[in-house]
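The values are calculated or read from the model by the stated rules, or taken from the named source; none is laboratory data. Everything numeric here is computed off the predicted structure, so don't read it as measured data. As a convention, Cβ positions derive from the backbone with ideal geometry for all residues, glycine included, and neighbour counts pool all protein chains shown. In case anyone asks, the SASA skips ligands and DNA or RNA and just uses the protein heavy atoms, side chains included. Shrake-Rupley method; radii C 1.70, N 1.55, O 1.52, S 1.80 Å.
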Number of protein chains: 2
Amino acid sequence: MDTPAIPSVQSAPLPEQEIHTRRRLLDAAVQIFDRKGFAAASVREIAEAAGVTKPVVYYHFGSKEGLLLAILTQAMHDFQAALDMGVARTGAARERLITLCEDIYRMFEKNVPVVRVAHAVFLGPRDLAPKFDLMVFERRLREAVIRIVADGQQAGELRRTPPEDVALAIMGILEGATDRQMLPDLNQVGTAGLRRILNVLFDGLVTVPSA
Amino acid sequence: MDTPAIPSVQSAPLPEQEIHTRRRLLDAAVQIFDRKGFAAASVREIAEAAGVTKPVVYYHFGSKEGLLLAILTQAMHDFQAALDMGVARTGAARERLITLCEDIYRMFEKNVPVVRVAHAVFLGPRDLAPKFDLMVFERRLREAVIRIVADGQQAGELRRTPPEDVALAIMGILEGATDRQMLPDLNQVGTAGLRRILNVLFDGLVTVPSA
């Protein structure tokens with residue numbers, strides 16, 4: 001995709017009332033996209049659920065796609081803030097990596113409908129997907145993890161395994177835990193469980209290390 | 001869900017022509033469910049794509065939901081066969097676990113549209129989901145991994161970490177790799193990459209083990 005990853009945020013500050021209306025519309029859109037799917041949702045029912053008229057939706061977001069784009073953009077900003085905080089932290093790489101994963105786990109936990117909508121767009125029919133580079137989530141997370149792993153290797157704390165492989169191991173474990181949040185029938189891992197599973201990775205499985 | 005996990009396979013053998021027709025219909029249904037989504041797909045276009053009439057679809061599968069159920073049931077049988085083979089293998093637990101993950105990775109790789117349709121159903125609007133216990137995939141995989149881990153712990157090959165945590169670590173890494181197959185824009189891990197990442201887990205990240 002050749003569109004900018006994160007559309008820039010509107011620069012002129014909005015009156016408080018408008019911010020409130022935007023927030024209500026975004027919340028309503030997430031609920032309805034999640035329940036009916038993006039394709040089946042209508043601007044009319046989103047407007048109704050938020051207690052406004054259709055023109056108000058068009059004024060703020062331009063279209064149904066604009067609503068989805070705003071939801072994903074907001075999620076990307078929150079995600080990036082968590083990554084920046086994780087990279088900026090000091091201390092042992094092990095603790096920094098585990099804390100970063102816990103932060104993301106909690107953020108996803110609080111926003112399960114948004115995560116589910118994003119996944120549906122990710123995996124759904126390609127022609128319905130909005131012009132938003134969803135891969136940016138994966139890329140930014142990978143870059144942040146690799147930076148912290150490199151710090152740990154330089155400090156002699158972590159073995160000199162290719163940081164890219166370490167990142168994919170950590171991201172897989174995190175994804176395994178967050179994906180379960182979307183499936184209420186499964187036992188949830190929780191941040192304590194996530195920490196335990198990541199510690200399994202740090203300490204390894206074997207009684208006699210091979211290298 | 002209280003429906004049987006895997007509907008029993010029809011007992012009377014079908015004539016070769018009918019098997020062929022069923023196969024063609026299932027292939028067409030997967031393609032169309034994947035492209036348009038289950039909700040938007042119609043029995044008419046599936047019949048057309050398979051070169052048969054609508055009554056032929058109803059004769060074999062009863063409904064659009066019956067088609068989806070048959071697709072998921074077939075996938076479950078293939079998945080279970082791979083798990084059974086993985087559990088039955090002899091040798092070091094490390095190699096048995098890696099080979100099992102490689103087998104599943106390759107099976108998913110060959111069936112990306114089926115995997116994507118299953119995920120769309122998993123994560124899509126609940127009222128559209130067919131009466132199929134998709135959690136059975138997760139449960140069976142977890143049970144198989146735990147059995148092999150327990151073998152490795154008994155043999156003194158693997159540390160005495162709770163097998164449930166080890167299973168979630170292995171499943172997360174496998175899921176991280178197979179989920180990427182659904183996203184053609186991402187670099188694919190491949191079986192060699194999956195083996196490398198799993199080896200990171202077996203050997204651990206730290207220079208000085210904590211226990």
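Scanning the range A:172-197 for residues that are aliphatic (A, V, I, L, M) and out of contact with any Cys (no Cβ under 9 Å at 6 or more places or on another chain) gives A:M182, A:L183, A:L186, A:V189, A:A192, A:I197.
Conditions (1) more than 19 Å from B:M107 (Cα to Cα); (2) of a type in the set (A, V, I, L, M, F, W, C), marked per residue:
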| site | (1), (2) |
| --- | --- |
| B:I148 | yes, yes |
| B:Q153 | yes, no |
| B:G156 | yes, no |
| B:A167 | yes, yes |
| B:L174 | no, yes |
| B:R180 | no, no |
| B:L183 | no, yes |
| B:G193 | no, no |
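Candidates A:R94, A:R22: the one that is touching a strand residue (DSSP E or B) at 6+ places or on another chain (Cβ under 9 Å) and surrounded by 15 or more Cβ atoms within 10 Å (Cβ to Cβ) is A:R94. Remark: pairs (first residue in the range B:65-79, in contact (Cβ under 8 Å) with a residue 24 or more places away in the chain and in a helix (DSSP H, G or I); second residue open to solvent by less than 20 Å² (accessible area, probe 1.4 Å) and of a type outside the set (A, V, I, L, M, F, W, C); Cβ separation under 8 Å; 6+ apart in sequence or on different chains) = B:E65/B:P130; B:L68/B:P130; B:L69/B:P130; B:L72/B:P130.
Residues in the range A:188-208 that are touching a strand residue (DSSP E or B) at 6+ places or on another chain (Cβ under 9 Å) and open to solvent by 20 Å² or more (accessible area, probe 1.4 Å): 2 in all. Restricting the first member to the range B:112-129 and to residues that are within 13 Å of B:E175 (Cβ to Cβ), and the second to residues that are at pLDDT 70 or above, the beta-carbon pairs closer than 6 Å and six or more apart or on different chains are B:V115/B:F108; B:H119/A:L123; B:F122/B:L134.
Among the residues making up the range B:32-45, a single one is surrounded by fewer than 16 Cβ atoms within 10 Å (Cβ to Cβ) and either over 28 Å from A:H119 (Cβ atoms) or touching a residue at least 24 places away in the same chain (Cβ under 8 Å) (or both): B:R44. For beta carbons closer than 9 Å, sequence separation of 6+ or different chains, a first residue in the range B:182-211 that is among the aromatic types (F, W, Y) and a second that is part of a loop (DSSP other than H, G, I, E, B) and modelled with pLDDT of 90 or more, the qualifying pairs are B:F202/A:G204; B:F202/A:L205.
Please find, among B:D185, B:D165, the residue that is assigned to a helix (DSSP H, G or I) and either open to solvent by less than 10 Å² (accessible area, probe 1.4 Å) or charged (D, E, K, R) (or both). That would be B:D165, the only listed residue that is assigned to a helix (DSSP H, G or I) and either open to solvent by less than 10 Å² (accessible area, probe 1.4 Å) or charged (D, E, K, R) (or both). Per this entry, B:R195 is not counted among residues that are modelled with pLDDT under 95 and more than 7 Å from chain A (Cβ to nearest Cβ).
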